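J.: One structure is given below, represented as structure tokens, and several questions about it will come after.
The values are calculated or read from the model by the stated rules, or taken from the named source; none is laboratory data. A quick note: this is a predicted structure, and the numbers were derived from the prediction, not measured. Cβ placement follows ideal geometry from the backbone for every residue including glycine, while neighbour counts extend to all protein chains displayed. Calculation scope for accessible area: heavy atoms of the full protein, side chains included, ligands and nucleic acids excluded. Shrake-Rupley method; radii C 1.70, N 1.55, O 1.52, S 1.80 Å.
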Amino acid sequence: MRFVVPSNQAKEPDMQVTMTINGESVTKECEPRTLLVHFIRDIVGLRGTHWGCDTSNCGTCVLWVDGEPVKSCTILAAMADGREVRTVEGLEQNGQLDPIQEGFRECHGLQCGFCTPGMMMTGRWILDNNPNPSEEEIREGISGQLCRCTGYHNIVKSIQWAAEHPAENEVKA
Amino acid sequence: MQTPAPLADYVRATSVADAIAQLEKYGEDARLVAGGHSLIPMMRLRLARPEALIDINDLDELKSIKVEGNEIVVGAMVRHREVLDSPLLFEHYPIFRECEKVIADPVVRNRGSVGGSYCQADPSEDLSALGSALRGSVVIQNSTGTRTVPMREFHFGPYMTQVGDGEILTEVRFPIRPGAGSAYEKVERRVGDWAVASVGTFVVVKNGVVEDCGIGLAAVGAEHFCVPAAEEFLIGKAPTEENLEQAAAMAAEGCNPSSDQRGPADYKKHLAKELTLRALRRSVQSSQGA
Ligand SMILES: Cc1cc2nc3c(=O)[nH]c(=O)nc-3n(C[C@H](O)[C@H](O)[C@H](O)COP(=O)(O)OP(=O)(O)OC[C@H]3O[C@@H](n4cnc5c(N)ncnc54)[C@H](O)[C@@H]3O)c2cc1C
Ligand code: FES
Ligand code: FES
């Protein structure tokens, strides 16, 4: 089902926002109040970024703005105007999965997959800042994100797998 | 699903003066937005319905941490993560790192700012307990000039501060106290949650006596996030376990917590005492004169 941002008023979108998304410049119209997560999913059409709560707690909406993970349900699309955004779709380079994606595949890092985009975006960023994180550092790094399936164990293992298998062409936060 | 109420305008300020001019242009219905990590949740709940947002994320002039004279100056747009990682702040007051480590989670800390935390004035705001403990001050600017307000006069009550229409908080200042030890203690229901109770303290011990100290408490209904009577009791006394216990009891006595989903009032009062005691003990241990 396609989710449409409800509007109390039948009102035309009234601002233009331009941002670089996964390396490509994108210009779209939206309302000033549009949250970035809805802009990315419903206006740009990239559904890899998930939306899971109304309380800024679950972290499945995490993407990068100017190279830093951000909960995209907690900023406006307008606040990302002119900035560089990277979503889970932008991890893959030239048809090659990023090590973080390979890690989740190798280590069974997902079950239902709902939390996975946010986990991978934060996981990649943890490794870009600290190529050899301890288990504790990984757990702390993803502590703002919820997984209802895996018990986190395999998510931690997946990120560790990626740390052990760096690739030449991976995107850097 | 929650989405903010319609917003008439969004503008990005190019300087502090521009932010003030924009605030004046839009009047009382305008709000500044820093990290947005308190304001956007409030807008989603429709507890806040600003007509216009003025984004101050581009204001590099508000992004530094530096020493000026005998004060440390932290710009309003410094993010939680930068406070956590700052060697300068840690060198003077380990409490900064201890406190930031338990504020929200790493992703939220990438966005949330120092200025936003103080201006949000949530009764559970951890940085407010820290600021009150260290007896810091804030600098507020409007179109006619700036004024400095002691942290212990900054909050009128929950979500209410001295920042008026057409005004912006530009920096927070903390006095440097050579030899001070400091610590932060927090009890939360789960990682990244707001405090059930939290306490920050600093102590300067000289020649076996407490020369100066500060106690700040969040989430437990302490007026201005402090209980001065407990500090006055301790100053001039030896930092014995007995005296620390007495000060902690007085701090808890000065709190007026309410029962809510985070716990009953008497439990929070118990925490206020216990966390004050633990923070004081560690502050005394790390004070260089001890
Ligand atoms: C999931 C989650 C968990 C959290 N947990 C904690 C926690 O455990 N402890 C804790 O202390 N905090 C916690 N927070 C709050 C976090 O610290 C926020 O980032 C902070 O309170 C607000 O900072 P901000 O920059 O996002 O402010 P914003 O949301 O941008 O602004 C907040 C308010 O301050 C005003 N404002 C902002 N900057 C200025 C300025 N320079 N001058 C004047 N007015 C200004 C705005 O107009 C607004 O009214 C949590 C937040 C989230 C989302
Ligand atoms: S959707 Fe953003 S934190 Fe849950
Ligand atoms: S895999 Fe189902 S929520 Fe994480």
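J.: Which of the helices in chain A meet the span-like rule: DSSP H, Cα axial reach of 30 Å or more, Kyte-Doolittle mean at least -0.5? Write out the running numbers ahead of the final one.
T.: Numbers: long enough: none.
The answer is none, since no helix passes both cut-offs.
J.: Any chance you could check the Cα centroid distance between region B:245-290 and region B:188-207 for me, in angstrom?
T.: 8
J.: Another question, then. Using just the helices of chain A, give the 222 nm mean residue ellipticity in deg cm²/dmol: DSSP H runs with n ≥ 4 each add -39,500 (n - 2.57), and the total is spread over all residues, rounded to 500. Kindly include the intermediate steps, with their values, before the conclusion.
T.: Working: 4 runs with 41 residues, N = 173.
Computed mean residue ellipticity for chain A: -7000 deg cm²/dmol.
J.: Distances longer than 21 Å among the Cα atoms of region B:181-286: what percent of all pairs is that?
T.: Numbers: 1543 of 5565 pairs.
Looking at region B:181-286, the distances longer than 21 Å represent 28 percent of pairs.
J.: Which one, B:Gly69, B:Val196, B:Gly131, projects farthest toward the positive side of the charge dipole computed for chain B from Cβ point charges (K/R +1, D/E -1)?
T.: Farthest towards the positive end: B:Val196.
J.: Below 8 Å, C-alpha to C-alpha, sequence gap of six or more: please give me the relative contact order for chain A in percent. Walk me through the intermediate numbers first.
T.: Details: 311 pairs, mean separation 39.2, N = 173.
Once normalised by length, the contact order is 23 percent.
J.: Tell me, what is the percent relative contact order of region B:42-185, built from C-alpha pairs under 8 Å that lie six or more residues apart? Walk me through the numbers before you get to the answer.
T.: Values: 230 pairs, mean separation 37.3, N = 144.
Here the relative contact order equals 26 percent.
J.: I've got another one for you. With the contact rule set at Cα under 8 Å and sequence spacing of 6 or more, what percent relative contact order holds for region A:107-173? Intermediate values should be presented prior to the final figure.
T.: Details: 57 pairs, mean separation 34.0, N = 67.
It rounds to 51 percent for region A:107-173.
J.: For region B:114-216, which trypsin sites (Lys or Arg not before Pro) are both in a DSSP coil and crowded by at most 16 other Cβ atoms within 10 Å? Please report the intermediate quantities before stating the final value.
T.: Details: sites: B:Arg135, B:Arg147, B:Arg152, B:Arg173, B:Lys186, B:Arg189, B:Arg190, B:Lys206; in loops: B:Arg135, B:Arg189, B:Arg190.
Loop-located and lightly packed - B:Arg189, B:Arg190.
J.: Specify the inter-centroid distance of region B:18-77 and region A:79-125, based on alpha-carbon positions, in whole Å.
T.: Cα centroid of region B:18-77 versus Cα centroid of region A:79-125: 31 Å apart.
J.: At 30 angstrom or more along the helix axis (alpha-carbon based) and mean Kyte-Doolittle of -1.0 or higher, what helices does chain B contain? Whole DSSP H runs only. Walk me through the numbers on the way to the answer.
T.: Numbers: long enough: B:265-286 (31 Å, -0.80).
Correct list, ordered by number: B:265-286.
J.: Placing +1 at every Lys and Arg Cβ and -1 at every Asp and Glu Cβ, with all other atoms neutral, what dipole size does the protein assembly as shown have around its Cα centre, in debye to the nearest 20? Provide the component values of the computation, followed by the final result.
T.: Working: 46 positive and 64 negative charges, 164 e Å.
Dipole about the Cα centre, nearest 20: 780 debye.
J.: Which of the listed residues, A:Thr20, A:Cys53, A:Ser72, is farthest toward the dipole's positive end in region A:15-90, when Lys, Arg count +1 and Asp, Glu count -1 at the beta-carbon?
T.: A:Cys53
J.: Taking +1 at the Cβ of each Lys and Arg and -1 at the Cβ of each Asp and Glu, which of B:Ala52, B:Thr14, B:Met42 sits farthest along the dipole of region B:5-57 towards its positive end, judged by Cα position relative to the Cα centre?
T.: Among B:Ala52, B:Thr14, B:Met42, the one farthest towards the positive end of the dipole of region B:5-57 is B:Met42.
J.: Using the Cα atoms of the protein assembly as shown to build a convex hull, what is its mean projected area in square nanometres? Mind dumping the intermediate values first?
T.: On the way: hull surface 91.1 nm².
Averaged projected area of the protein assembly as shown's Cα convex hull equals 22.8 nm².
J.: Can you tell me the dipole magnitude for region B:1-122 around its Cα centre, using point charges on the Cβ only (Lys, Arg +1; Asp, Glu -1), in Debye to the nearest 20?
T.: 460
J.: Take chain A, mark every one of the trypsin sites (Lys or Arg not before Pro) that falls in a DSSP loop and has at most 14 other Cβ within 10 Å, then report the longest stretch left between them, sites excluded.
T.: Numbers: sites that count: A:Arg2, A:Lys11, A:Arg148, A:Lys172.
The reported range is A:12-147.
J.: Related question: Could you work out what % of the accessible surface of region B:181-286 is carbon and sulfur, using a 1.4 angstrom probe and leaving DNA, RNA and ligands out of the count? Numbers along the way, then the final one.
T.: Details: 2150 of 4460 Å².
Carbon plus sulfur share of accessible area: 48 percent.
J.: Taking B:Lys268 as the anchor, which aspartates and glutamates have their alpha carbon closer than 14 Å to its alpha carbon, excluding any fewer than eight residues away along the same chain?
T.: B:Glu185, B:Glu188, B:Glu253, B:Asp260
J.: Write out the GluC sites (Glu not before Pro) in region A:89-173 meeting two conditions: DSSP loop, and at most 15 other Cβ atoms within 10 Å of their Cβ. Walk me through the intermediate numbers first.
T.: Details: sites: A:Glu89, A:Glu92, A:Glu102, A:Glu106, A:Glu135, A:Glu136, A:Glu137, A:Glu140, A:Glu164, A:Glu168, A:Glu170; in loops: A:Glu92, A:Glu168, A:Glu170.
Here the sparse-neighbourhood loop sites are A:Glu92, A:Glu168.
J.: With just the Cα atoms of chain B, tell me how far they stretch along each of the three principal axes, in Å, largest first.
T.: The Cα atoms of chain B stretch 59, 44, 31 Å along their principal axes.
J.: Now a separate question. Let's see if you can work this out: charge +1 on each Lys and Arg Cβ, -1 on each Asp and Glu Cβ, no other charges. What is the dipole magnitude of chain B about its Cα centre, in debye to the nearest 20?
T.: Using Cβ point charges on Lys, Arg, Asp and Glu, chain B gives about 600 debye.
J.: Of all accessible surface on chain A at a 1.4 Å probe, what whole percent is carbon and sulfur? Can you show the working numbers first?
T.: On the way: 3540 of 7780 Å².
The C+S portion of the solvent-accessible surface of chain A is 45 percent.
J.: Related question: Among A:Trp125, A:Trp64, A:Trp51, what's the order by accessible area (1.4 angstrom probe), most exposed first? Each step should come with its number before you reach the end.
T.: Numbers: A:Trp125 25, A:Trp64 5, A:Trp51 65 Å².
Heavy-atom accessible area, descending, gives A:Trp51, A:Trp125, A:Trp64.
J.: Going down the list A:Lys172/B:Lys63; B:Lys101/B:Lys269; B:Lys186/B:Lys273; B:Lys101/B:Lys186; A:Lys71/B:Lys101; A:Lys157/B:Lys186, which pairs span over 20 Å between their C-alpha atoms? Please report the intermediate quantities before stating the final value.
T.: Numbers: A:Lys172/B:Lys63 24 Å; B:Lys101/B:Lys269 23 Å; B:Lys186/B:Lys273 12 Å; B:Lys101/B:Lys186 10 Å; A:Lys71/B:Lys101 18 Å; A:Lys157/B:Lys186 30 Å.
Cα-Cα > 20 Å for A:Lys172/B:Lys63; B:Lys101/B:Lys269; A:Lys157/B:Lys186; rest within.
J.: Where in region B:19-124 are there trypsin sites (Lys or Arg not before Pro) that are in a DSSP coil and have at most 15 other Cβ atoms within 10 angstrom of their Cβ?
T.: B:Arg46
J.: Run the reach check for B:Lys25 against aspartates and glutamates, Cα to Cα strictly under 17 Å, same-chain hits fewer than 8 apart removed. What comes back?
T.: B:Asp9, B:Glu51, B:Asp55, B:Asp165, B:Glu167
J.: Stokes-Einstein diffusion coefficient for region B:9-55 at 4 °C in a medium of 1.567 mPa s, Rh from the Kirkwood formula over Cα pairs: what value in µm²/s? Don't skip to the answer; put the middle values down first.
T.: Details: Rh = 10.8 Å.
My calculation gives 120 µm²/s for D.
J.: Follow-up question, since we're still on this one. For chain B, what is the calculated [θ] at 222 nm in deg cm²/dmol (nearest 500), taking -39500 (n - 2.57) for each run of four or more DSSP H residues and dividing by its residue count? Please report the intermediate quantities before stating the final value.
T.: Details: 12 runs with 101 residues, N = 290.
Theoretical 222 nm ellipticity from helices: -9500 deg cm²/dmol.
J.: Using only the alpha-carbon atoms of region B:60-175 as identical scatterers, what base-10 log of I(q)/I(0) does the Debye formula give at q = 0.11, 0.12, 0.14, 0.17 Å⁻¹?
T.: Ignoring solvent entirely, the Cα scatterers give -0.31, -0.37, -0.52, -0.78.
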